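To start, the structure itself, in C-alpha cells.
The values are calculated or read from the model by the stated rules, or taken from the named source; none is laboratory data. Here the structure is a predicted model, which means the values were calculated and not measured. Backbone-built Cβ (ideal geometry, glycine too); neighbour counts: all protein chains shown. Side chains included, ligands, DNA and RNA excluded: accessible areas come from the protein's heavy atoms. Shrake-Rupley method; radii C 1.70, N 1.55, O 1.52, S 1.80 Å.
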Amino acid sequence: MNIVIVGTQWGDEGKGKVIDILSEKVDYIVRYQGGSNAGHTVVAEGKEYIFHLIPSGILHKGKVCCIGNGVVIDPSMLIKEIKGLSSAGINISGRLKISPLAHVILPYHKILDELREGKRANKIGTTKRGIGPCYSDKINRCGIRMIDLLSPSVFKGKLKDNLKEKNEIFKKVYGHAGFVFSDIYKEYLNYGRFLRSYLFNVTYLLNKAIDDKKDILFEGAQGTFLDIDFGTYPFVTSSSATSGGACTGTGISPVKIDKIIGVAKAYSTRVGEGPFPTEFDDAFAQFMRNKGHEFGATTGRPRRCGWFDSVMVREAILLNGISQLAIMKMDILDGLKNIKMCTGYRYKGKIFRQLPYDAQVLSGARPVYQNMPGWSQNTSRVRRYKDLPVNAKSYLSRLEDSLKVRISMISVGSSRKDTIFI
Ligand code: IMP
C-alpha cells in the first residue's frame, strides 16, 4: 500500500511521530518537497533525533529512504545528517537514495532569503534556509540540480551564469559584496563527491517497488496551509505541501497512491507570520507553549498557539483527500477547564463556514467557537480509547462530526508507545 502523510495545519503537527510508527510497516519512506526548513523530532529508544532532510524512517533497520526530485537540498546539512547518523551507530549503507533531479541550495539562496526578508514590509518569517530563492531558480530555469555537482564542466557553466546575474543584484539591490565563484565551485564539487554514491533514479526505484507490491510511505513536510497554492499566501513556503506534491515530487502517478492520512494537533500552532484566526492571547499562548514545548525544531523560534480550527482542517481534508486523521498532543489539553473548537468565522457581519482564500478576510475574521468542558485527568498513560476521560472522548467525537473523517490514532506523548490506535 502506498500512503501519503500530510500535515493539516501549518506544519509541526507531529508528522514525524506518525511517520516513525508507520515506517515499521513499509519498505520505502520518501520525502517529496521542502528542504531543511522542515524539522521532524523523533524520540526512539529514549534518544531524540531531529531530521531536516533525511526521512526519519532511516531509524528503522532495513528500510530504504528516498529524497525525491521535489525536495531542495542543502548539501552541507545533508552531509551533517548522514555523519550524525553514522556516529550514532546507524548504518545507512544502501538505504539512502537521493534523486539526481533534486535542486541544490547554494550560499546565495540563503543570503538572499535573509536579505529579502529584511527588505519586505510584510515579512513572511521564513526559516532563512534559502528555500524560496532555490525554488524560484528552479521555476526560473536557472537552478542547479544534484546531478550537476557530478560534472565539473556543467556545474562551472551553470554557476558562472548564475553568479554573473546574481552578483549584480546582490551589489545593486542589497549592497552586498556578492559571491566568489571559486569558493562555491570547490566547496560544492566536494559535496558532489561525498554524495555521489547516494544519487539514484528514485522515480524508477519507486515505480519498480510498486510493481513488486512493496509498501511506500510518502512523508509530507510543512503543512497544508503552508502550501504554495492553497496555503495562506503569501505567508507560505515555496513548495506543494499538499498530497499532490507526492506525485510531482517523486514521479509516481496519482493512480498509484492508495491512501492519504492527515495529521493534526489537538490545538493549532504556527511559526512565522500570517493570519491565524484562533490564536490565543499572549498569556495563554505562553502557558500552552511551555506546556506543549512549542518551539521550532529548525529555528528554535517560539510557535504561535491557538485553538483547533475545524474550518481549516476540513479544508485540508478536502484538498488532500484525507480518509483518516491522527490527532497529536492530546495530553497537552489535560487540565484545561474549557476547550474551544472553531467551527466558522465571522467577518463584517457574515459567517463563513468555508475557508476564505482572501488573506485579508482571514486576517480580520473572528472565530465562531463551540465550547466544551475539559478534563482534569492525565491522559499520557492511557493506551486504549475507552480509557480516555469522558470529556476527552466527547472532544474527539465532536472533531470527527465536524470534520467528517475517522480519527484512527491519538498521540498522548512523544514516544512511540504513547499512542492510542483506534
Ligand atoms: P520558508 O519555508 O523558510 O520559506 O518559510 C516560509 C514559512 O513557512 C514561514 O512562516 C516558516 O516559519 C514556515 N515553515 C517552513 N517550514 C516549516 C516547518 O517545517 N514547520 C513549520 N513552519 C514552517
For this session: Might you check whether a residue that is within 21 Å of L149 (Cα to Cα), crowded, with 24+ Cβ neighbours inside 10 Å, in the same structural domain as I21 (by TED's automatic domain parsing) and in contact (Cβ under 8 Å) with a residue 40 or more places away in the chain occurs anywhere in the stretch 235-254?
Result: yes
Problem set entry | Of the criteria (1) at pLDDT 95 or above; (2) part of a loop (DSSP other than H, G, I, E, B), which one I339 fails | (2)
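Quick check on this structure: which one of N391, N371 is open to solvent by 20 Å² or more (accessible area, probe 1.4 Å), of a type outside the set (D, E, K, R) and over 24 Å from I351 (Cβ atoms)?
Matching residue, one of N391, N371: N391.
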Exercise. Which pairs have Cβ atoms under 7 Å, sit 6 or more apart or on different chains, and link a residue in the stretch 149-178 that is over 19 Å from D74 (Cα atoms) to one that is part of a loop (DSSP other than H, G, I, E, B)?
Worked result: D161/C142; N167/G178; N167/F179; F170/H176; F170/G178; K171/G178
Problem set entry | Check on R129, among the charged types (D, E, K, R), within 16 Å of the ligand (Cβ to nearest atom), under 22 Å from A246 (Cα atoms) and touching a helix residue (DSSP H, G or I) at 6+ places or on another chain (Cβ under 7 Å) | yes
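Out of the residues in the stretch 278-320 meeting the condition of being in contact with a helix residue (DSSP H, G or I) (Cβ under 8 Å, 6 or more places away or on another chain) and more than 16 Å from G11 (Cα to Cα), tell me which one is least open to solvent (accessible area, probe 1.4 Å). Explain how you work it out, then say what you get.
Here is the first cut: in the stretch 278-320, the residues in contact with a helix residue (DSSP H, G or I) (Cβ under 8 Å, 6 or more places away or on another chain) are 279-280, 288, 291-292, 294-295, 302-306, 308, 310, 312-317, 319-320.
Narrowing further to those that are more than 16 Å from G11 (Cα to Cα): 280, 288, 291.
Values: F280: 17, M288: 0, K291: 61 Å².
So, considering only residues that are in contact with a helix residue (DSSP H, G or I) (Cβ under 8 Å, 6 or more places away or on another chain) and more than 16 Å from G11 (Cα to Cα), the one least open to solvent (accessible area, probe 1.4 Å) is M288.
Quick check on the stretch 24-45: of everything there that is touching a residue at least 24 places away in the same chain (Cβ under 8 Å) and over 23 Å from G70 (Cβ atoms), which residue is surrounded by the most Cβ atoms within 10 Å (Cβ to Cβ)? Step through it out loud before you land on a result.
Start the filter on the stretch 24-45 by keeping residues that are touching a residue at least 24 places away in the same chain (Cβ under 8 Å), which leaves 24-44.
Remaining after also requiring over 23 Å from G70 (Cβ atoms): 24-25, 43-44.
Details: E24: 12, K25: 11, V43: 16, A44: 14.
So, considering only residues that are touching a residue at least 24 places away in the same chain (Cβ under 8 Å) and over 23 Å from G70 (Cβ atoms), the one surrounded by the most Cβ atoms within 10 Å (Cβ to Cβ) is V43.
Tell me the helices (runs of 4 or more DSSP H) entirely within the stretch 69-180 that contain at least 3 residues that are at pLDDT 95 or above, of a type in the set (K, R) and surrounded by 13 or more Cβ atoms within 10 Å (Cβ to Cβ).
Details: elements: 75-87, 107-119, 131-139, 152-174.
Of the helices (runs of 4 or more DSSP H) lying wholly inside the stretch 69-180, those with at least 3 residues that are at pLDDT 95 or above, of a type in the set (K, R) and surrounded by 13 or more Cβ atoms within 10 Å (Cβ to Cβ) span 152-174.
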For this session: Check off (1) in contact (Cβ under 8 Å) with a residue 12 or more places away in the chain; (2) surrounded by fewer than 24 Cβ atoms within 10 Å (Cβ to Cβ) for D212 and give me the number that stays unchecked.
Result: (1)
Exercise. Hey, does the stretch 32-46 have a residue that's more than 16 Å from the ligand (Cβ to nearest atom) and modelled with pLDDT of 90 or more?
Worked result: no
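Residues that are part of a loop (DSSP other than H, G, I, E, B) and within 17 Å of the chain's Cα centre (by Cα): does the stretch 247-258 have at least one? Reasoning before the result, please.
The initial filter retains those residues of the stretch 247-258 that are part of a loop (DSSP other than H, G, I, E, B), namely 249-253, 257-258.
After this cut, where a residue has to be within 17 Å of the chain's Cα centre (by Cα) as well, the list is 249-250.
Checked against the condition, which is being part of a loop (DSSP other than H, G, I, E, B) and within 17 Å of the chain's Cα centre (by Cα), the stretch 247-258 yields at least one hit.
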Exercise. Do the conditions hold for I21, that is, is it modelled with pLDDT of 95 or more and either assigned to a helix (DSSP H, G or I) or within 17 Å of L85 (Cβ to Cβ) (or both)?
Worked result: no
